[in-house]
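Data first, discussion second: the structure below is written as structure tokens.
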Amino acid sequence: MRNINRNLFKGLPASANALEEYDSDAAELVREAAQYLFKARRDSDEEALKEASDLTLQAAAELMGQAGGSVYVRFPIMVTARLVELEAVLLAVKTQAGSVKRPARINGLKTWPYDGTLPPQICRLCDADLNDATNQLASAICVVCGYWVCELCDGGTDPATGDAVCEDHKGHPLALNCTEYA
């Protein structure tokens, strides 16, 4: 009997999306269904729940077609529904991580408000003028305190978004994804 825990796709890491590799159309339907399921749970939206259910059945039909239609009908539907559940849980976890708010003060420093205004473009830690045309330093606004920080003073950056964090704020929950260091 084949070991079902073994990665079936040679040359790919174990963390690779097997559904995407097997059937990208079904994977897209699962992602869409998960978005609707997440919206239905968040907003108690019956219409979104119906859409999630319909997309789940479509994804299951896609998987059955890929398997040659010889597979018992309930199995792909159950598997697909579980995949949608897992995707929806991942969406919820991402949303919860994004719901942490910046405190009014951190270690006595007043944080910059979320009111659309920007702080002066000066590094909060080394006072480098980041708006100077001759300055070659990369910079970003710290996700924790809201002030500018240069690449020499940052405590990490988020590779996906480019967000940065000050060295002294890198342990804060808002900086959870700032994992690459200068």
Take the range 120-155 and flag every residue that is part of a loop (DSSP other than H, G, I, E, B), touching a residue at least 12 places away in the same chain (Cβ under 8 Å) and polar (S, T, N, Q). Gln121
Tell me whether the range 127-148 contains one or more residues that are loosely packed, with under 15 Cβ neighbours inside 10 Å and on the phi > 0 side of the Ramachandran plot. yes
When residues of the range 156-166 are filtered for being in a loop (DSSP other than H, G, I, E, B) and under 17 Å from Pro103 (Cα atoms), how many remain? 0
Identify the residue in the range 61-119 that is part of a loop (DSSP other than H, G, I, E, B) and closer than 21 Å to Arg42 by Cβ and, among all such residues, is modelled with the highest pLDDT. Lys101
Where a residue in the range 157-182 is closer than 20 Å to Ala128 by Cα and among the polar types (S, T, N, Q) and its partner, wherever it lies, is at pLDDT 80 or above and crowded, with 20+ Cβ neighbours inside 10 Å, with Cβ under 7 Å and at least six apart: Thr157/Ala164; Thr157/Cys178
Leu118 fails exactly one of (1) within 22 Å of Thr161 (Cα to Cα); (2) surrounded by 15 or more Cβ atoms within 10 Å (Cβ to Cβ); (3) not small (Gly, Ala, Ser), namely (2)
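The values are calculated or read from the model by the stated rules, or taken from the named source; none is laboratory data. Remember, predicted model here, so these are calculated numbers, not experimental data. Neighbour counts are summed over all protein chains in view; Cβ atoms, including those assigned to glycine, are modelled from backbone coordinates with ideal geometry.
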